[in-house]
Each structure stands twice: as C-alpha cells, then as structure tokens.
Amino acid sequence: MYMEKFRLDGRVAVVTGGASGIGLAAAEALGEAGATLVLTDRDQAALNTAVASLEKMGARASSALMDVTDSTRVNAVAADVVAQHGYVDILINNAGIARSETAAEDVADEHWLNVIDVNLNGAFWCARAFGRHMLARGAGAIVNVGSMSGFIVNRPQPQSYYNASKAAVHQLTRSLAAEWAPRGVRVNAVAPTYINTPINAFADRESAMFKRWIDATPMGRLGEPDEVASVILFLASDAASLMTGAIVLADGGYTCW
C-alpha cells in the first residue's frame with residue numbers, strides 16, 4: 001500500500017532546468033518511479049545528453065528548449081506538452097541562478113532584475129502556464145525548488161538578491177497552495193542547503209568561505225542532488241497527498257543553529 005503511493009506510472013512530469021544538477025536528479029527519480037518526462041532548459045546540447053542518459057536507464061523522456069523568463073515560450077511549451085501527452089500531472093520548478101558574492105550596495109539593476117526574473121518570475125510563469133492545465137483537469141502537483149536562503153541570511157557571502165528571490169518563491173508556494181487546493185492542485189517546495197552542483201562551483205573547496213559553510217552545517221558536508229531529488233519525488237507523489245503549502249528543508253541541519 002505505502003510503496004505504491006510513490007509510483008508515478010501514467011503521469012507526465014515537466015522538469016525545468018532539467019539538463020543538470022538537481023533538475024536532472026529529479027528527472028531520474030521521477031522517471032524511476034514511472035513518470036513520462038519532459039525536460040526543459042536553455043541548452044539544447046545539454047538537454048540531448050540528459051534525455052539520452054534517462055532513456056538509457058529506461059525512462060521515457062523528451063525535451064523542450066525553454067527560457068523560463070520568456071512567458072510566451074513557457075505558455076507555448078505547456079500547450080505543446082498537453083497536445084502531445086493529453087495532460088500534465090507534475091511540474092518541478094527547478095530552473096534558477098545564484099550570482100553570489102556581490103554586496104547589496106554594489107548590485108546593479110541588471111543583476112537584481114536578472115536573479116528575480118529567473119528565480120521568481122520564471123517560477124510563476126511556469127506555475128501559471130502548467131497550473132492552468134492542471135486546474136482544468138482538477139488534479140496536479142507542483143514542486144518549487146526554493147532554498148534555505150529563503151529562511152536565513154547566508155554567511156559569509158553577500159547575496160541579498162538571491163535570498164530575497166527564494167523567500168519570495170516560498171511565499172508564492174504558500175499562496176498558490178491556498179488558492180488552488182480546493183481545485184485539486186497541490187503546491188509544495190523543497191528548500192535545500194548548499195548542494196554539490198555547478199551552481200556552487202564558484203566556491204573553492206579550500207577557501208575560508210567553503211570551510212565556513214561546512215562548519216555551519218551540523219552534518220558537516222554538502223548535500224547531493226539525489227538527496228534533494230528524493231524529497232521532490234515524495235512531494236510530487238501521492239505519498240504527500242495531504243501536503244500543500246509546505247516548505248520542506250533539506251539542509252543538513254544548517255538552520256538549526
């Protein structure tokens with residue numbers, strides 16, 4: 001009974017930023033659970049490689065070139081997915097950027113707008129576009145990728161813009177959850193710690209900054225993409241059928257201190 005709740009056979013799942021990192025790991029988890037996958041990203045070559053690796057593991061996968069900041073393109077991809085598959089069950093809103101280490105007083109307008117546009121606007125454009133189809137069908141699950149940075153202020157790197165964007169994603173998650181719950185669509189989020197992905201590659205493992213990250217984490221290590229993907233699978237599945245509006249921390253204990 002219980003393990004069956006994690007199965008996603010017959011369901012169609014869209015993963016934004018799905019060509020690498022947490023997005024690709026999430027696609028692997030959903031695919032292993034039986035979902036038909038549609039990966040989106042801005043890099044077609046990376047998408048091709050990701051789809052090939054998913055098919056090699058036995059998953060059904062395809063891709064769509066998409067920039068989440070382009071709402072017209074997002075709407076078109078959502079329509080294409082439904083036209084091809086008949087419906088969409090799951091959206092993993094994973095696409096995001098960091099651009100850390102700039103003090104607030106030195107942040108250019110372009111810098112601020114770029115981070116907000118990808119992390120917040122992009123998440124909303126996707127939730128709106130795919131959510132419309134879910135609402136019309138009366139069922140669906142959206143999982144946003146937030147961050148522990150939506151709860152705390154990271155040290156030592158200054159990144160007010162990133163922290164603000166992820167806190168906004170968390171509040172967007174709650175707002176959509178409350179609005180759409182009566183219509184059959186669940187909206188939750190995962191809030192990871194520092195994860196071993198390219199987005200954190202700017203930090204030299206021997207640097208004082210990296211050591212401070214690890215020292216501030218009770219588990220004393222970075223997280224791995226598959227650890228976040230496991231939470232995403234749970235939230236996307238019927239195992240989390242009573243959950244909506246939840247922001248699930250996967251932070252190695254970072255926010256305990």
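Read the figures in this text as sums done on the coordinates, not as results from a lab. Here the structure is a predicted model, which is why all the values come from computation and not from measurement. Note that each Cβ is placed from the backbone with ideal geometry, even for glycine, and that neighbours are counted across all protein chains shown.
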Report task. Please give the number of the condition Pro158 fails out of (1) in a helix (DSSP H, G or I); (2) surrounded by fewer than 23 Cβ atoms within 10 Å (Cβ to Cβ). Result -> (1)
**Report entry** Near pairs, Cβ below 8 angstrom, 6+ apart or cross-chain, from region 99-114 (on the phi < 0 side of the Ramachandran plot and in contact (Cβ under 8 Å) with a residue 24 or more places away in the chain) to any residue that is part of a loop (DSSP other than H, G, I, E, B) and of a type in the set (A, V, I, L, M)
**Finding:** none
Query - Failed item, numbered, when Arg128 is tested on (1) charged (D, E, K, R); (2) assigned to a loop (DSSP other than H, G, I, E, B); (3) within 19 Å of the chain's Cα centre (by Cα) - result: (2)
Requested in this report: Could you please find all residues in region 1-30 being in a loop (DSSP other than H, G, I, E, B) and within 13 Å of Arg60 (Cβ to Cβ)?
Outcome: Leu8, Asp9, Gly10, Arg11
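Which of the residues spanning region 34-62 are touching a residue at least 40 places away in the same chain (Cβ under 8 Å) and touching a strand residue (DSSP E or B) at 6+ places or on another chain (Cβ under 7 Å)?
Ala35, Thr36, Val38, Thr40, listed by residue number.
Might you let me know whether region 247-255 holds any residue that is among the hydroxyl-bearing types (Ser, Thr, Tyr), crowded, with 19+ Cβ neighbours inside 10 Å and in a helix (DSSP H, G or I)? Please lay out each step first, then the result.
Within region 247-255, the subset among the hydroxyl-bearing types (Ser, Thr, Tyr) is 254-255.
Adding the requirement that they be crowded, with 19+ Cβ neighbours inside 10 Å leaves 254.
Next, only the ones that are in a helix (DSSP H, G or I) stay: 254.
Yes, some residue in region 247-255 is among the hydroxyl-bearing types (Ser, Thr, Tyr), crowded, with 19+ Cβ neighbours inside 10 Å and in a helix (DSSP H, G or I).
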Query raised in the report: Which of the residues that make up region 218-246 are surrounded by fewer than 21 Cβ atoms within 10 Å (Cβ to Cβ) and among the polar types (S, T, N, Q)?
Result: Ser230, Ser241, Thr244
Report task. Please go through region 63-98 and pick out each residue that is farther than 19 Å from Ala141 by Cα and part of a strand (DSSP E or B). Result -> Ser63, Ala64, Leu65
